[in-house]
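First the structure, in the form of structure tokens, and then the observations on it.
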Amino acid sequence: MKNIRFILFSIITLIFCFASQSLPQDNTDLKSQIQKFQSGSHQFMVTGYALTNFIKPQNEPSQFETGFNPIFLYKANDRLFFEAEIELEIEDGEQNITLEYAQILYTLNDYLIFGAGKFLNPANYFIERLHPAWINKLPTMPMFVGHHGGMLAGQHLGFQLRGGTPIKGSKIEYVFFMSMGPTLDLDDGFIDFKNYEDNNNNKGIGLKFGFLPIPELAIGYAFENATVGEENTQFENVSATTHVVDFSYAKDIRGLKGTIDLKAQVVWLNIDNPNIAPLTFENNSNGGYAQIAFRPGNVDNDFFKNLEFVYRYDWTDKPDNAPENELMKRSTIGINYWLSSSSLFKFAYENKDIVVPGGSTTNEHRFIGQIAFGF
Amino acid sequence: MKFIKKYMVNLILGLGFFAVLTIVGCASTTDIVDRSGAQLWGENCARCHNIRPPQSLTDAQWEIAGMHMRTRANLSGIVTRKIIEFLKTAN
């Protein structure tokens, strides 16, 4: 441990020393000498992102929130890799520290990688690929995706096998994973994804397929199944099945002098009905989002080319007879101003309708400003 | 039963859709494995986020970030190696 700390400390000190000297750009000799010092065969990098929010809800006091997510990447050789992210945040009046993911990866061949640990849910396209604040085009996440709660796990604790294969001009992607799976909440019939101690021996499994007929377009389907009831209770056979579809299209359109970006994802969650009070209802929920963004990145004007316009519609629909059975529908419009390829200001206004049993609707709206920086 | 039937119909519709897209995919130009590192970089690295400029990282950092992205984006080994080589020459 002490040795590793010493080596890391030396490497970081060396990097700082070299970074603080101004180096001639084209001196490849010097560059290769420096790389000799920097590399060895093990390589280490800290990256991540930071954000600060300003939120003004309709009838409540305005709030600031902030977060910092360091990501640690460690490459031992061409096959062995480690990735971990820690989330540090002050949000909803609380300070939280979470292990977002920590995974050891081993490359089996050109088309297959094995990973074990806590990893972002491969079935959850938004969480796995789009949620970091410098990538997400709005300051909020769709309600169903469940970064910490929702209808689809944000992370899994277990292992996965994954990869991609080009087939002529197209590509297929595939992931198989096995994990602790969620647990059933006996009060409201919903499932809790934060499962750090499994209540049964039956592990959750999942599959994800992606298909990219052309590089700009990706469509995906994912399936998850897990027994969620506790072993040796009346609920031991209750299982939850999830189907997810996702869609992504991003293209530079010359006629529009900019980039169009379309994203969508829908999830259907079905939990068995054990018919034991209070869980005596058909337990089917669904949720999803569709988002369109346009950035006129190819216009001549320096100000306009950094602007981006975004619209997202998202919803969650809980079972009709469940204790908590509201339908939530939300529209969000946003304008972003890009400061660099991975930092931006976001200004968004959202309008949410909550339809409760009996059909009455309440409406909430709020303004959110954010600055985000990915490094 | 009704439930299963609904999913069978969805599955068949889905597979049909995939079949059409496969034909579209196979009809498109050069095979992915024959494309240059620069082209593959342009095609694969702007789907989820803005393209990160080659100059933003050192050679050693691109090797690490490249391996990170290989898993995230399910890239095959050969595509990843070509992209990393390109980034190392362009930074």
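The values are calculated or read from the model by the stated rules, or taken from the named source; none is laboratory data. Quantities reported herein were computed from a predicted structural model and do not represent experimental measurements. Methodologically, a virtual Cβ is constructed for each residue, glycine included, from the backbone with ideal geometry; neighbour enumeration extends over all protein chains shown. For accessibility, only protein heavy atoms count, side chains too; no ligands or nucleic acids. Shrake-Rupley method; radii C 1.70, N 1.55, O 1.52, S 1.80 Å.
Conditions (1) β-branched (Val, Ile, Thr); (2) without any contact (Cβ under 8 Å) to a residue 40 or more places away in the chain; (3) more than 12 Å from every other protein chain (Cβ to nearest Cβ); (4) open to solvent by less than 80 Å² (accessible area, probe 1.4 Å), marked per residue:
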site: A:Glu216; (1), (2), (3), (4): no, yes, no, yes
site: A:Ala240; (1), (2), (3), (4): no, no, yes, yes
site: A:Ser248; (1), (2), (3), (4): no, no, no, yes
site: A:Lys257; (1), (2), (3), (4): no, no, yes, no
Quiz item: Which pairs have Cβ atoms under 9 Å, sit 6 or more apart or on different chains, and link a residue in the range B:19-41 that is closer than 12 Å to A:Leu212 by Cα to one that is loosely packed, with under 13 Cβ neighbours inside 10 Å and modelled with pLDDT of 90 or more?
Solution: none
Quiz prompt | Residue count, the range B:38-67 (criterion: over 22 Å from A:Glu216 (Cβ atoms), in contact with a strand residue (DSSP E or B) (Cβ under 7 Å, 6 or more places away or on another chain) and open to solvent by 30 Å² or more (accessible area, probe 1.4 Å)) | solution = 2
Practice problem: Determine which member of the set B:Arg70, B:Arg81 is open to solvent by less than 50 Å² (accessible area, probe 1.4 Å) and within 17 Å of the chain's Cα centre (by Cα). | Solution: B:Arg70
Practice problem: State whether the residues of the range A:331-347 include one that is touching a residue at least 24 places away in the same chain (Cβ under 8 Å) and within 24 Å of A:Ala240 (Cα to Cα). | Solution: no
Quiz item: What about A:Ala290, is it among the aliphatic types (A, V, I, L, M), more than 14 Å from every other protein chain (Cβ to nearest Cβ) and within 20 Å of the chain's Cα centre (by Cα)?
Solution: yes
Quiz item: Scanning the range A:199-214 for residues that are more than 19 Å from B:Asn44 (Cα to Cα) and open to solvent by 40 Å² or more (accessible area, probe 1.4 Å), which turns out farthest from the other protein chains (Cβ to nearest Cβ)?
Solution: A:Asn201
Practice problem: Those residues that are surrounded by fewer than 22 Cβ atoms within 10 Å (Cβ to Cβ) and of a type in the set (Phe, Trp, Tyr), I need them from the range A:261-299; list them, please. | Solution: A:Trp268, A:Phe281, A:Phe294
Quiz prompt | First in the range A:128-145 and more than 10 Å from chain B (Cβ to nearest Cβ), second anywhere and of a type in the set (Asp, Glu), Cβ under 6 Å, 6 or more apart | solution = A:Pro142/A:Asp314; A:Met143/A:Asp314
Quiz prompt | In the range A:347-375, residue most open to solvent (accessible area, probe 1.4 Å) [restricted to those that are within 14 Å of another protein chain (Cβ to nearest Cβ) and part of a strand (DSSP E or B)] | solution = A:Phe373
Quiz prompt | Subset of the range A:159-190 that is within 11 Å of another protein chain (Cβ to nearest Cβ) and in a loop (DSSP other than H, G, I, E, B) - its residue that is least open to solvent (accessible area, probe 1.4 Å) | solution = A:Gly169
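Conditions (1) at the interface with another protein chain (Cβ under 10 Å from one of its Cβ atoms); (2) more than 21 Å from A:Phe119 (Cα to Cα), marked per residue:
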residue: B:Ile51; (1), (2): yes, yes
residue: B:Asp59; (1), (2): yes, yes
residue: B:Ala65; (1), (2): yes, no
residue: B:His68; (1), (2): yes, no
residue: B:Thr71; (1), (2): yes, no
residue: B:Leu75; (1), (2): yes, no
residue: B:Val79; (1), (2): yes, yes
residue: B:Lys82; (1), (2): no, yes
residue: B:Asn91; (1), (2): no, yes
Quiz item: Going through the range B:38-49 one residue at a time, which ones are more than 7 Å from chain A (Cβ to nearest Cβ) and over 10 Å from the mean Cα position of the chain (by Cα)?
Solution: B:Ala38, B:Gln39, B:Gly42
Quiz item: Can you name the number of the only condition in (1) in contact with a helix residue (DSSP H, G or I) (Cβ under 7 Å, 6 or more places away or on another chain); (2) away from chain B (no Cβ under 14 Å) that A:His156 fails?
Solution: (1)
Practice problem: Taking A:Leu138 as meeting all but one of (1) modelled with pLDDT of 95 or more; (2) assigned to a loop (DSSP other than H, G, I, E, B); (3) open to solvent by 10 Å² or more (accessible area, probe 1.4 Å), write down the number of the exception. | Solution: (3)
Exercise. Count, please, the residues in the range A:324-334 that happen to be more than 21 Å from the chain's Cα centre (by Cα) and open to solvent by 80 Å² or more (accessible area, probe 1.4 Å).
Key: 1
Exercise. Could you tell me which numbered condition A:Ser62 fails, if it satisfies all but one of (1) modelled with pLDDT of 90 or more; (2) among the hydroxyl-bearing types (Ser, Thr, Tyr); (3) within 29 Å of B:His68 (Cα to Cα)?
Key: (3)
Self-check item: For A:Ile4: the one exception among (1) modelled with pLDDT under 95; (2) within 14 Å of chain B (Cβ to nearest Cβ)
Solution: (2)
